[in-house]
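Written out below as C-alpha cells is the structure these notes cover.
The values are calculated or read from the model by the stated rules, or taken from the named source; none is laboratory data. Only a predicted model underlies this, so the values are computations on that prediction, with no experimental measurement involved. Cβ placement follows ideal geometry from the backbone for every residue including glycine, while neighbour counts extend to all protein chains displayed. These area figures cover heavy atoms from the full protein model, side chains too; ligands, DNA and RNA do not enter into them. Shrake-Rupley method; radii C 1.70, N 1.55, O 1.52, S 1.80 Å.
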Amino acid sequence: MTAELVRGQNHPLSQSRLEIRVSAGTPVAAAAALSDENGRIHGTEWVAHPGAPVQPGLEVSRQAAADHRLAVDLDAMTDAVHRVSVLLALPAANGGAGPARFGAVAAPFVAVTGLDGTEVASYTITGLDLESAVVALELYRRQGAWKVRAVGQGYAGGLAELFADQGLSEAAQLAAGIDEAVARGLARSVQAPPPRTSEGDRSRQAAAPAVGPDQGAAPQGVPGPVPPAYGGQPAGGQGQGGPQPAYGGATGPHASSGGGPVNYSHPRRQTSAPPPPPPAAPPAQPGQPTQPVAGDATGWSMEERLYNQVWGMFEDLARTAAAYRSAVDFAESRMDKELEQALSDPRSRIGGQGDAARESARARYTQLVDQARASLDRDVAQLVAESEVVEPALPPAFARWDNPCWHAYRVPMEIPMALRLGDLRLPEAESIRIPMLLRLPLERGLWIDSGRTDSLDGSFTDSHDMRRLAMDTAVAHAARLLAVYPAGEFTVHVVDPAGSGAQALAPLTQTGVLAGPPAQGAAGVTETLARLTQRVDLVQMALRGGAPDALPPGFDTSQQLLIVNDFPHGFDDRAVNQLRYLVDEGPSVGVHLMMVADREESAGYGPLLDPLWRALLRLTPVPDDHLADPWVGHAWTYEPPAVPHGSEVLRKVLTQVAEARRTWNR
C-alpha cells in the first residue's frame, strides 16, 4: 500500500533499487545530491544533474521535463553516504521566459517506486511560493536501514542557495553549470501541447500511458498570458482571429512568470459555451477497437480539432514508448537480480542447477519483454490506423508536400494555427510518423544545421551536399510560410553573402515572392541588417509609447523573415551584434530569423554566440534524433519536409502566392 507522506513524515524502504518519479506540470530540472550524516555535500562529484547525469548509484534526466524518472541503487552507495536528496529547480528562474517560482505552477508530485512500478511512498509538495528550487524528499540511512522522508524545503535563491545551505563550497559554479546544461537541453526540446480538459478528451481509446502519476495542468478559460510555442518559443500568434495558445520548447507551458495560471483559450472566441462536439466514431464491433475519426479532438474549428488530435497522438506515442522502455528495464533488472542470487551460492555456479537457474531467469525476461512488446505493438497499430485517417484530412498548413490538398491550393484569407515543419518518430515505432507542428506566428528563430555530415543509417554526406540540402530545406520552410499566410502578410528577405545558395533559392527568386534580390557581399549584409534592426526599433518605440498608429506612412506591417546563408561569412562584429539583436528582440515585433549555418564555422567567436544558437530551434536537413519530448525525455528523430522528386508543387504554390501579392498591391 502506498504511503502518502506529508512534510517531515518518513517511511521505511524495503528495496534497494528504486525509481523516483516526478510530475511537475511544467518543465523542471531534476538532480540528486549525496551527503554525509550531517547533510553536507563533499564536492560537485556528489551531485547527479543534467550536466553529469550518472553518479555511483544514481542516474537523473539529462534535460528539464515535466515528468522525470530518477534511478537509485542504494546498495551502490558508499559508507560515507548517508542521505540522497532529490532536488527540483525551475530552469526559467535564471533568466528564462517561463515561471520563476513554484508558487506559480501546479504543486510538484514525487513518488518512490520499485522497479516494477509499485509505489512505495508519494509526496505532493505544497506550500511553495517564491522558491525556485526545492529539496523534494530524501532517502536516508538510519541504523543500517534506509527510509524516505518528505522534505519540501524551498529556496528563493535557486540551486546556488540550496547547494550553499548544504555546505558545498562550489555552490555558485555548480548551479551555473546546471543552468547551462538545462539551457542546452531546452533548446532542443519539444514541449507539451495545451492540455485537454475532461470535456476535451478525445473519444478514441488512448494508448497505454507510462506508469506514474499525471499532474493536473492549468485550467482553460482562466485569464493569463499566452504560453510558449512549439520548439521553445513564447507564443503570441495571430491566427484564427486573435492570439493563439501555443506549443513548444524552452519554457514551461503551464504557468506564467507573472504567477497566474495560463489561459489556453482563444481571446476573441466565445467562452460562454463549449465548442461543438467532435465527430463521433461509428460503433465498434464487440472486442474490436473504435474506428478512428479525423478531428475527434475538441476545438472550435476542424483545424483546431486536427491540431489537438495530432498532439494527442504525439503524447500517446511518447507515453506508450515510455511504458515499453520501463518494462524492458524492469525485466533486465529482474533477470540480473535472479542471476546474481543464483550465482551467489558457490554450489550452484556449476552443473545443472546453475544452468537451470540461468535458463529460468532468461525465460522470464523473454516473457516480460514479449508482453511489453505486444502491448506496444497494439498501441502503435491503433495510432497507425488513426494516422491513416488523419493525414489525408489535414489542411495545407499541416499537410506534407505530397498531400493532394496542395493541388487545390488557394492563398488563404486567415493565418492558420500552426505550420508543419516535418515529422517525428521513435525507434520503437518506425511505422508511424507524427507531424511536427509549430504555432504561428513564429516566436523563435529557426536554425537549419548544415554542419552534420553523418546520418542515422550510417551513410556519409559531404559538406557540399549538406549545404545544398540545408538550403533546400530552408527554401521548403520559407515557401510553406509564404503559402499559409494571406497575401501581403508575410515578407521574406535573403542574405547570401557569397551567392552560394543561388541554385537552391531559385524557386523563391524566379517566382518573385522575395522582397528583393538576395543581398550579397558585406555591403548587402550590412544594409539588410540595418534596415531590419531599424524596423524593430521603430515598432518597439511605437508600442512602448502606446502609439502603434504613429509608424511612418507606407510602413510594411507584415511578418518579416530573414534567411541567412553561410553565416558567419560576410559578417563583421557589428553585423553579428545586429543579428543577435534581431534574434532576441525581433520575434516580439514580427521579425523572424532562419539561419542556414554550421556552428563550427563560427567557433572563433567563442561563447559570444552560444546564446544565439540556444535561442534558435535547431532543425536538420537529414533525419536526426536531436529533439526530446517534455514527459520522459525521449530522443525523437526529426525528419525534414521533403518535396516529391520531380514535383512542381512548390513552384506552382509560390506562383499563386506571387500573383496574389501583385493583386493585393494594386
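Points worth noting:
- Accessible area (Å², per residue) of region 448-564, counting only protein heavy atoms and a probe of 1.4 Å: 43 Å²
- The relative contact order of region 25-137 comes to 26 percent, based on Cα pairs under 8 Å that sit 6 or more residues apart.
- Using R0 = 22 Å, the C-beta based FRET efficiency linking Asp462 and His569 works out to 0.75.
- For region 374-523, the fraction of alpha-carbon pairs in successive 5 Å shells from zero, as %: 2, 8, 13, 17, 18, 16, 13, 8, 3, 2, 1, 0, 0
- A simple spin-label model places pseudo-atoms 7 Å from Cα toward Cβ; at Val384 and Ala522 they are separated by 5.8 nm.
- A probe of 1.4 angstrom, applied to the heavy atoms of all protein chains, finds Asp610 with accessible area near 40 square angstrom.
- R0 of 30 Å, Cβ-Cβ distance Glu648-Ala515: FRET efficiency to nearest 0.05: 0.80
- Of the solvent-accessible surface of region 537-666, computed with a 1.4 Å probe and all protein chains present, 52% belongs to carbon and sulfur.
- Directionally averaged projected area (convex hull, Cα atoms, region 104-166), nm²: 5.4 nm²
- Accessible area, probe 1.4 Å, largest first, for residues Ser132, Ser500: Ser500, Ser132
- Computing FRET efficiency as 1/(1 + (r/R0)^6) for Leu74 and Ser431, where r is the C-beta to C-beta distance and R0 is 35 Å, gives about 0.30.
- Taking region 123-158 and a reference point 7 angstrom along Cα→Cβ of Ser588, no backbone N atom is nearer than 15 Å.
- Per residue solvent-accessible surface (Å²) - region 117-157, probe of 1.4 Å: 40 Å²
- By accessible area with a 1.4 Å probe, ligands and nucleic acids excluded, highest first: order of Ser169, Ser588: Ser169, Ser588
- Solvent-accessible area, 1.4 Å probe, carbon plus sulfur percent, for region 353-487: 53 percent
- Gain in span if fully extended, Asp165 to Asp36, counting 0.36 nm per residue against the direct Cα distance: 45.1 nm
- Heavy-atom accessible surface of region 1-91: percent carbon and sulfur, 1.4 Å: 46 percent
- Inter-label distance, nm, simple model (7 Å from Cα along the C-beta direction), Lys337/Ala498: 5.9 nm
- Distance between modelled label sites at Arg410 and Arg7, nm, 7 Å Cα→Cβ extension: 6.1 nm
- Accessible area per residue was computed with a 1.4 Å probe on protein heavy atoms; His11 scores about 50 Å².
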